[in-house]
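Some notes on the structure that comes next.
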Amino acid sequence: MSITRRAMLTGAVAFFASAAARAQRGDTVLTATDVHVQGYPTVEALRWVGDTLERETGGRLRLRLYHSGQLGRESDSIDMARFGALDITRVNMAALNNPFPSTQILSLPYVFDSTAHMRRALDGAVGREILASFERRDLVGLAFYDSGARCFYNTRRPVYTPQDLHGLKIRVPPSDIFMDMVRALGANPTPLPYGEVFSALQTHLIDGAENNWQSFHTTRQFEVAHYWSQTAHSYSPEALLMSKQRLESLATEDRALVLDIAARSVTVMRELWDKSEIESRDYVIAKGVKVNEVDRRAFETATAATLSAYRRDPAIDTLYKKIRALA
Ligand code: GTR
């Protein structure tokens with residue numbers, strides 16, 4: 001037998017022996033998913049959750065992370081977690097707006113003034129109320145992560161006022177709020193899964209989209225869309241969700257540990273976020289992306305009807321007032 005073959009066999013035997021020992025010890029492997037690539041702050045925060053779980057339980061609890069959308073679309077991953085086919089999913093609020101109405105306030109236009117404002121709201125009563133709302137549909141809200149300020153970018157021209165968006169086909173995530181908002185701005189909303197936006201821009205199926213600096217950078221959309229306009233129209237944050245059924249299947253102390261580590265990961269995420277936001281912005285600008293400020297007032301006015309339509313729901317209106325009180 002060749003040395004490499006023998007080494008491979010020895011390796012395989014050792015792997016299966018340790019897997020068998022782990023199974024016997026009752027080790028638990030939690031599966032987690034994220035549409036972003038390795039190195040993206042949400043993925044790295046999840047990796048930190050996995051490493052910390054493993055370290056603090058001596059390997060009894062671990063996380064298997066499927067990044068880069070390996071397990072499909074965000075909206076599908078939410079259902080998979082609800083039915084227990086997946087343990088943890090990291091998704092944007094936009095994918096939750098339709099099935100979980102209390103999340104709508106976090107995605108609506110011009111609700112937050114800054115990242116600091118959003119963090120204050122998420123760390124307090126507003127955040128707690130929204131995280132608790134996931135339980136109604138078999139999920140546990142573990143934490144919120146940042147997603148920066150979403151801005152418009154396109155392949156055609158700089159956008160200073162809503163008029164500049166008129167007639168453009170703009171990709172939106174699967175949320176009625178984003179459909180309504182883009183329509184209110186005079187553009188044509190085109191819902192597409194995140195993984196399809198780059199090629200849609202490249203083939204001119206769409207003219208533009210809206211997102212944060214890190215997504216614009218890591219999906220390489222900046223290579224085809226050269227105009228970034230600082231609209232900061234939505235801070236729609238991320239949610240870390242867990243299958244309720246799976247969490248409840250864990251021993252009491254493990255359950256507490258998962259909740260605690262997820263909560264601690266927020267600080268890790270925020271540090272990664274702040275650093276990568278600057279890095280991504282500087283990177284795309286160095287690659288030739290043209291950035292411009294916008295007439296923010298004009299964007300607020302044009303989207304005001306979208307905000308007030310959702311505020312007709314008294315629960316949303318109460319959350320809105322609590323958030324504005326923290327501005
Ligand atoms: C990103 C978010 C993703 C995904 C994406 C999108 O900012 O992190 O989870 O929702 O936006 O627009 O689809």
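A short reminder: the numbers here are calculations on the coordinates, not readings from a lab. Note that the structure is predicted; figures quoted are calculated from it, not measured. Here Cβ is always computed from backbone atoms with ideal geometry, including for glycine, and neighbour counts include all displayed protein chains.
For the listed peptides 166-179, 120-133, 307-320, a ranking on the average number of other beta carbons within 10 Å per residue, highest first, reads 166-179, 120-133, 307-320. With a cut-off of 14 Å on the backbone N, the residues of the range 134-165 near the modelled label site 7 Å out from ALA263 along Cα-Cβ are 141-144.
In the chain, one over the average inverse separation of all distinct C-alpha pairs is 20.9 Å, which is the Kirkwood hydrodynamic radius.
As a calculated quantity, the FRET efficiency between ASP138 and ASP295 at R0 = 35 Å, using C-beta atoms, amounts to about 0.20. Global dimensions of the range 154-265 from alpha-carbon coordinates: Rg and Dmax equal 18.5, 57 Å.
Rounded, prolate or oblate, given the Cα gyration tensor of the range 50-128, with a/c below 1.5 counting as rounded? Taking the square roots of the gyration eigenvalues as a ≥ b ≥ c, the range 50-128 is oblate. Projecting the Cα atoms of LEU257, ILE285, LEU247 onto the charge dipole of the range 238-324, computed from C-beta unit charges around the Cα centre, puts ILE285 farthest toward the positive end. The mean of 1/r over all distinct Cα pairs in the range 239-327, once inverted, gives the Kirkwood hydrodynamic radius of 17.9 Å. Helices meeting the span-like rule in the chain (full DSSP H runs, Cα extent of at least 27 Å along the helix axis, mean Kyte-Doolittle score of 0.0 or higher): 3-25.
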